[in-house]
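Data block below; observations after.
The values are calculated or read from the model by the stated rules, or taken from the named source; none is laboratory data. Just so it is clear, the model here is predicted, and its values are computed rather than measured. Counting neighbours? That spans all protein chains shown, and the Cβs are built from the backbone with ideal geometry, glycine included. Keep in mind that these areas ignore ligands, DNA and RNA; they rest on the heavy atoms of the full protein, side chains included. Shrake-Rupley method; radii C 1.70, N 1.55, O 1.52, S 1.80 Å.
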Amino acid sequence: MSRGALEIAAAVRAGALSAREVVETSFARIADGNRRWNAVTRVLETRALDLARAVDAAVARGGDPGPLAGVPFGVKDLFDLEGEVTTAGSMVLAADPPARQDAALVARLVAAGAIPVATTNMDEFAYGFATDNAHYGVTRNPHDPARLAGGSSGGSAAGVAAGFFPLGLGSDTNGSIRVPASLCGVWGLRATQGRLPVAGSYPFVTSFDVVGPFGATLGDLRAAFEALDGAALAPVAAFDLRVARLGGWFMDSMSRDMADAMEALAAYLGASAIVELPEVARARAAAFVISASEGGALHRDRLNDRAMAYDPAVRDRLLAGALLPASLIFRAHRLRGWFRRQMHAAFAGADILLAPAVPCAAPRIDAPLIEIGGEQVSARANLGLFTQPLTLAGFPVLSLPMRVPGLPLGAQLVARPGREDQLFALAARLETEGMTALPRENANVA
């Protein structure tokens, strides 16, 4: 099995393992497995080895190399890395000058002793839920190479699931951390909007963009979040937390396996109370409108000059977004404010809300469709069925891998803004009591 982030850091800090050994093992795993999974787009060999030497030197002289000493991590290729071109998954940016400094989240992990070892694949400009990239190819799910890893942060999630690195960085605009975390069977966090800095990450929708971590284990995810947030989470009594289940929209359009898993988890938690959010379909539509309009506005000038350089599927959606009327965009933003108030009201009798992260297990790559309302629809556009409405409010959401047979399935735990401590407390209880998936490593990567 791969070592987790906490295990690596403890061994490196104790001098039982060198950071160089850890990094070289990560490189070897990527070299052996990436042809199969296509999670990584670039290996950062020179920089990673330089940082590993610095960590090992700090240990040798009795210094403090940081709480994540020697831990390798993957970086979604929309985060700036000093000396590297930030492509955001697109050839459109390939000729841009290299970044002059690291993105804020990268810098915070490096300051904690962690080491970036690779950039990871993504949907072009983060517009999609599949990590099906016209320039860099499809990222395959480490649990079944015939299936999608989800997106748009699929490379980071798949890299963690495949054992390339125990931590990954991603972004979540409409579900781009939560969807691939669920499909790949890893842990992911969309923090309260605005809590973690987006500086140095290529924007998609500034109204929604959130950046955050993936982890192979809950402990790894928590360690990464605390390093990124700059503070330890406060202790919370998990058994005192009131859990309710989101109903209506969030109980429809699930596969039988997902419906059974959610029923079992809700029953275990005693989450008999059902909370109905109003106008969820309109909230999702508003998220679509705001995303399309802001994405289209961001790319309008470049589309005028270089439209054919874009992934055709992304280009068409951006062009359509650029043509949306101002009156519709205004109405979407008004609905957003109203829906946020409804979300606050939903917590009147609960501390945590429970919902599915995706409608079903990972779709096949050769048939990228999912069933919604009895119809077969595009997975690339609709895997965020349950994540997009929650995006509108900006509340923190933790995606946990449920303990299920077969392909991974994830659940969303939702808390009030700023209450990530409650999310981690409840998730830790579920992990301790055997209700979450065990860390798994594909045999083809070992």
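Restricting attention to the range 66-82, the residues being without any contact (Cβ under 8 Å) to a residue 60 or more places away in the chain and either open to solvent by 10 Å² or more (accessible area, probe 1.4 Å) or in contact with a His (Cβ under 8 Å, 6 or more places away or on another chain) (or both) number 1. Within the range 247-255, not a single residue is touching a Leu at 6+ places or on another chain (Cβ under 7 Å), modelled with pLDDT of 95 or more, surrounded by 24 or more Cβ atoms within 10 Å (Cβ to Cβ) and of a type outside the set (S, T, Y). In the range 138-190, what count of residues is obtained for those that are within 16 Å of G384 (Cβ to Cβ), in a helix (DSSP H, G or I) and of a type in the set (V, I, T)? Counting residues in the range 138-190 that are within 16 Å of G384 (Cβ to Cβ), in a helix (DSSP H, G or I) and of a type in the set (V, I, T) gives 1. The condition of being in contact (Cβ under 8 Å) with a residue 12 or more places away in the chain and in contact with a Cys (Cβ under 6 Å, 6 or more places away or on another chain) holds for I370. The sole residue among A292, A287 that is open to solvent by less than 10 Å² (accessible area, probe 1.4 Å), under 17 Å from L383 (Cα atoms) and among the aliphatic types (A, V, I, L, M) is A287. Restricting the range 410-436 to residues that are farther than 15 Å from A350 by Cβ and open to solvent by 30 Å² or more (accessible area, probe 1.4 Å), the residue that is farthest from the chain's Cα centre (by Cα) is E433. Based on what the data block shows, is V117 farther than 25 Å from V205 by Cα and within 13 Å of the chain's Cα centre (by Cα)? No: the conditions fail for V117.
Summed over the range 124-143, the residues that are under 17 Å from C360 (Cα atoms) and open to solvent by 40 Å² or more (accessible area, probe 1.4 Å) give a count of 2.
E371 - would you say it is of a type outside the set (K, R), open to solvent by 40 Å² or more (accessible area, probe 1.4 Å) and modelled with pLDDT under 95? In short, yes. Taken together, R341, R300 contain a single residue that is open to solvent by 10 Å² or more (accessible area, probe 1.4 Å), farther than 17 Å from F125 by Cβ and among the basic types (K, R), which is R341.
Of everything listed in (1) of a type outside the set (G, A, S); (2) open to solvent by less than 10 Å² (accessible area, probe 1.4 Å); (3) in contact with a His (Cβ under 7 Å, 6 or more places away or on another chain), the single unmet condition for L407 is (2). Scanning the range 233-244 for residues that are open to solvent by less than 30 Å² (accessible area, probe 1.4 Å) and closer than 23 Å to L221 by Cβ yields L233, A238, L241, V243.
Taking the range 267-284 as the range and being open to solvent by less than 70 Å² (accessible area, probe 1.4 Å) and in a loop (DSSP other than H, G, I, E, B) as the test, the residues that pass are G270, A271, A273, L277, P278. Scanning the range 237-263 for residues that are in contact with a strand residue (DSSP E or B) (Cβ under 8 Å, 6 or more places away or on another chain) and of a type in the set (G, A, S) yields A244, G247, S253, S255, A261. Can you tell me which residues in the range 344-368 are modelled with pLDDT of 95 or more and either within 25 Å of G295 (Cα to Cα) or among the hydroxyl-bearing types (S, T, Y) (or both)? Selection gives A357, V358. Pairs linking a residue in the range 122-140 that is closer than 19 Å to D80 by Cα to a residue that is part of a strand (DSSP E or B) and open to solvent by less than 30 Å² (accessible area, probe 1.4 Å), with Cβ atoms under 7 Å and 6 or more positions apart or on different chains, are M122/K76; M122/N133; D123/N133; E124/N133; A126/S171.
Just to be sure before I move on: is A232 modelled with pLDDT of 95 or more and not in a strand (DSSP E or B) in the structure I sent? So A232 fits the description; yes.
Just one of (1) assigned to a loop (DSSP other than H, G, I, E, B); (2) surrounded by fewer than 20 Cβ atoms within 10 Å (Cβ to Cβ); (3) not basic (K, R) fails for A264. It is (1).
Scan the range 383-401 for residues that are over 16 Å from the mean Cα position of the chain (by Cα) and surrounded by fewer than 24 Cβ atoms within 10 Å (Cβ to Cβ) and jot them down. Correct list: A393 only.
V55 meets all of the listed conditions (1) part of a loop (DSSP other than H, G, I, E, B); (2) open to solvent by 10 Å² or more (accessible area, probe 1.4 Å); (3) among the hydrophobic types (A, V, I, L, M, F, W, C) but one, namely (1).
Of everything in the range 388-420 that is assigned to a loop (DSSP other than H, G, I, E, B) and aliphatic (A, V, I, L, M), the residue that is nearest to A231 (Cα to Cα) is A415.
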